[in-house]
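Data block below; observations after.
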Amino acid sequence: MSISDLKITDAFAAPEVTILGGSRTIADTDNAAGESVSFTATTTGIATNSDGPIATTQWLVDGVEVATGLSATIALPNGSTVVTFKATDNDGSVYSASVDIKIKAQYVPSSTWPAPFNGVSPNSSLSLALNNIGVYEASTGLISSCISVYTNGEASDADAKFDILFNLLNDSSGDIQYANSRAFNAFEKLTADGQAPDCSGKYETTTNVFSDTIETRLITDLFGVSLPINKTFNVSFQLIDAANLIFRLLSYEELVAP
């Protein structure tokens, strides 16, 4: 190759490194925590010597070297992890690139959490702004919903959303007790309509009031056949026992189609 075959932009290209594929989300393939991810990096315009293309290469996770070379397979945990490729040339100059890799775990149903997020689609005839509301199952005595945490009427944190379970303790007083919770829709699933699910419940820290829109799943017998009777209510509960996380019904309003 003669010097005339070289492009000026190639001769003076700024040194850089690139991680092929960039930042991305990778679905879990085996239902086990974490995933092994393959990476390949490229180097452009970095000084070379007779021993190889660059002096040193490193793959780093949380600042710790986990592999060397231009290609590597790295075991990453569920969630987001920043992976960095670092190349050092013969003069000691360092060039690096980072990507954010998110391992998206597959949801595994359990008796406590049978669905990836709490709630049900509301009756379309009610024309609610919400696409996902809480539900009370008479067969289990459980209210399953999602709550966002508020302080003085403002959301405390955009990420402060939780799937929550309450046990109905007393029909006459409407007492319910906290049973369990988890992060809301941690698996980032969509509703049947392909939308991100809403979180219908709110907990106000200044008043200790939990308010929600809940559909009741009640069963009635008609001609010997058990049929569900679904009704939807706006409800509010007051915390009356902080030690045992017991709430008492303050108000309820049945919602009907306009």
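Couple of notes before you dig in:
- Considering only residues in segment 167-209 that are in contact with a Lys or Arg (Cβ under 7 Å, 6 or more places away or on another chain) and modelled with pLDDT of 90 or more, the one that is surrounded by the most Cβ atoms within 10 Å (Cβ to Cβ) turns out to be Cys199.
- Of the numbered criteria (1) in contact (Cβ under 8 Å) with a residue 24 or more places away in the chain; (2) closer than 30 Å to Asp198 by Cβ; (3) buried (at least 16 other Cβ atoms within 10 Å of the Cβ), the one Gln106 fails is (3).
- Filter result for Tyr136 (part of a strand (DSSP E or B), assigned by TED's automatic domain parsing to the domain that holds Pro15 and buried (at least 17 other Cβ atoms within 10 Å of the Cβ)): no
- Hits in segment 161-190 - residues which are more than 14 Å from the chain's Cα centre (by Cα) and assigned to a loop (DSSP other than H, G, I, E, B): Asp171, Ser172, Ser173, Gly174
- Residue in segment 65-87 that is more than 18 Å from Thr42 (Cβ to Cβ) and free of Cβ contacts under 8 Å to residues at least 12 places away in the same chain present: yes
- Identity of the residue in segment 30-52, modelled with pLDDT under 75 and either among the hydroxyl-bearing types (Ser, Thr, Tyr) or closer than 14 Å to Lys86 by Cβ (or both), that ends up nearest to the chain's Cα centre (by Cα): Ile46
- Odd one out for Thr206, checked against (1) touching a strand residue (DSSP E or B) at 6+ places or on another chain (Cβ under 8 Å); (2) within 19 Å of Pro109 (Cα to Cα): (2)
- Taken over segment 81-101, the residue count meeting the criterion of being modelled with pLDDT under 90 and either in a loop (DSSP other than H, G, I, E, B) or within 29 Å of the chain's Cα centre (by Cα) (or both) is 5.
- Taken as a whole, the structure places Ile214 among residues that are of a type in the set (Val, Ile, Thr) and out of contact with any Lys or Arg (no Cβ under 7 Å at 6 or more places or on another chain).
- Selection of first residues in segment 124-142 that are within 10 Å of Thr213 (Cβ to Cβ) and of second residues that are surrounded by fewer than 12 Cβ atoms within 10 Å (Cβ to Cβ), restricted to Cβ pairs under 7 Å at least 6 apart or on distinct chains, gives the following pairs, ordered by first then second residue: Leu126/Ala257.
- Residue count for segment 210-229 satisfying the condition of being farther than 19 Å from Ser148 by Cα and at pLDDT 90 or above: 1.
- Note on segment 143-158: among residues that are touching a residue at least 40 places away in the same chain (Cβ under 8 Å) and not in a strand (DSSP E or B), the one that is surrounded by the most Cβ atoms within 10 Å (Cβ to Cβ) is Ser156.
The values are calculated or read from the model by the stated rules, or taken from the named source; none is laboratory data. Not measured: the values here are computed from a predicted model. When we count neighbours, we look across all protein chains shown, and the Cβ atoms used for this are built from the backbone with ideal geometry, even at glycine.
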